[in-house]
Structures are given as C-alpha cells and as structure tokens.
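Written out below as structure tokens is the structure these notes cover.
The values are calculated or read from the model by the stated rules, or taken from the named source; none is laboratory data. Here the structure is a predicted model, which is why all the values come from computation and not from measurement. FYI the Cβ positions are ideal-geometry reconstructions off the backbone, even for glycines, and counts take in every protein chain you see. SASA here: full protein model, heavy atoms, side chains in, ligands and nucleic acids out. Shrake-Rupley method; radii C 1.70, N 1.55, O 1.52, S 1.80 Å.
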Amino acid sequence: MRKTKDTKTKKTTSNTKKNSLLTFIKSEQFPKTMAVLLAIFTVFCFVSFVSFFWTWFNDYNLVQKLSFSQLFFGEQDIKNWGGPLGACVAYFFVNKTFGVASFGFLILFALAVLKLFKVQIQNIRKWIVCTLIIMLWSSCFIGYFVVAFPTTFSSLDVFAGVVGTVVNLWLIKLIGLFGAALFNL
C-alpha cells in the first residue's frame, strides 16, 4: 500500500512540474525571459567575435583540438575574451560560416530580442533580408581574393569563412576567374 502512495506522489509531482513549465511557456514572462537570455548571448558573441580577430591565430589549433571536458572545465591557453566557450562560438560563427560578415548574426539576434520584447520594427523582413544578403556578399567578396590569389591572401581565409571560400571555388570552376570577379562585383 505504501508503494502505491509513493508512486502516486511521484506521478503527481512530475505532472505538477510539467504543468508549471507549460504554464510558464504560455505566460507573458516567457518571451521576455528568452529575450534577456538572447540579449546576453548576443553580447557574449559580440565580445567573442571581436576578440577572435585578435586571438584567432593563437586559439585556432587549440579550439580544433578542444575536448568537451576542456571546454567546460577551462583550457588555460585560450586567449579569447569569452574563454574556451567564446573561442568555440566565435570559431563556429566566424570561421565555419560567413567570416567577418558573421557580425550580421548579431544584428539578426538583436532584431529577435526586440521582437520578443514586442518592440515595433518597421520593415523587419527588409532588415532580415538585407542583413543576410550583405553577409553573403561580404563573405563571397573576401572569399574571391582568398581563392583567386591563394599565395597572397590564403591566411585571410578565416575572414571569408567557409561560405565565401566554397562559393568562390564553385564560381571559379563554373565561370572562371574573371567571371567570378564580375559576379562578386
């Protein structure tokens, strides 16, 4: 009889937790909480991105070899102002996506924060589309120099990001060096 009571109590406690979480998600506080968390993440990303351009040369190999435990328990050799987590975030966003143009993500995050706080933004779709286009073009423009002139600009591949480099490799194979230059202009 005692086991049944304990089981019912556990189920009731579990259901109460689920209901309170669901109530919180549906509440007016949830979007504000998410906005604050996203704003904090955006500031953290900004600091990590800025630091990345001063520390990437030292941190690059360390971040690639960073294990899960080193990430969460601290790697002493990481120079990024955001620590190991900041170095990984910056490495992913800057190196593995749009390079320098990844600062555009911060604009998109800021727009999301404003939207979650229910601030009216005129032409929000236009802001989003323009930001994405500028990110893509900037990455591709820098990527053209990295791919077209590898002996001179190969060390700048981190500024182009993977997107800029890959798009230009494809463009040069498709329409040649001159055609890719025209396309980027």
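Within the range 154-161, at least one residue is polar (S, T, N, Q) and either under 22 Å from the mean Cα position of the chain (by Cα) or surrounded by fewer than 18 Cβ atoms within 10 Å (Cβ to Cβ) (or both). All of 38, 71, 22 fail the test of being aliphatic (A, V, I, L, M) and at pLDDT 80 or above, apart from 38.
Scanning the range 43-59 for residues that are farther than 9 Å from residue 81 by Cβ and among the β-branched types (Val, Ile, Thr) returns a single hit, 43.
Mind listing whichever residues of the range 75-88 are assigned to a loop (DSSP other than H, G, I, E, B) and touching a Gly at 6+ places or on another chain (Cβ under 7 Å)?
80
Suppose we filter the range 89-126 for residues that are within 24 Å of residue 33 (Cβ to Cβ) and either open to solvent by 50 Å² or more (accessible area, probe 1.4 Å) or in a helix (DSSP H, G or I) (or both); how many remain? Show your work before the answer.
Looking only at the range 89-126, we keep the residues that are within 24 Å of residue 33 (Cβ to Cβ), and these are 89, 93, 105-121, 124.
Pick out the ones that are also either open to solvent by 50 Å² or more (accessible area, probe 1.4 Å) or in a helix (DSSP H, G or I) (or both) and you get 89, 93, 105-120, 124.
Counting residues in the range 89-126 that are within 24 Å of residue 33 (Cβ to Cβ) and either open to solvent by 50 Å² or more (accessible area, probe 1.4 Å) or in a helix (DSSP H, G or I) (or both) gives 19.
Filter the range 129-148 down to the residues that are open to solvent by less than 50 Å² (accessible area, probe 1.4 Å) and over 20 Å from the mean Cα position of the chain (by Cα), then identify the one that is farthest from residue 176 (Cα to Cα). It comes out as 146. Can you find even one residue in the range 67-74 that is open to solvent by less than 60 Å² (accessible area, probe 1.4 Å), over 25 Å from residue 32 (Cα atoms) and under 19 Å from the mean Cα position of the chain (by Cα)? Among the residues of the range 67-74, at least one is open to solvent by less than 60 Å² (accessible area, probe 1.4 Å), over 25 Å from residue 32 (Cα atoms) and under 19 Å from the mean Cα position of the chain (by Cα), which makes the answer yes. Look at (1) assigned to a helix (DSSP H, G or I); (2) at pLDDT 85 or above and you find that residue 64 fails only one, number (2).
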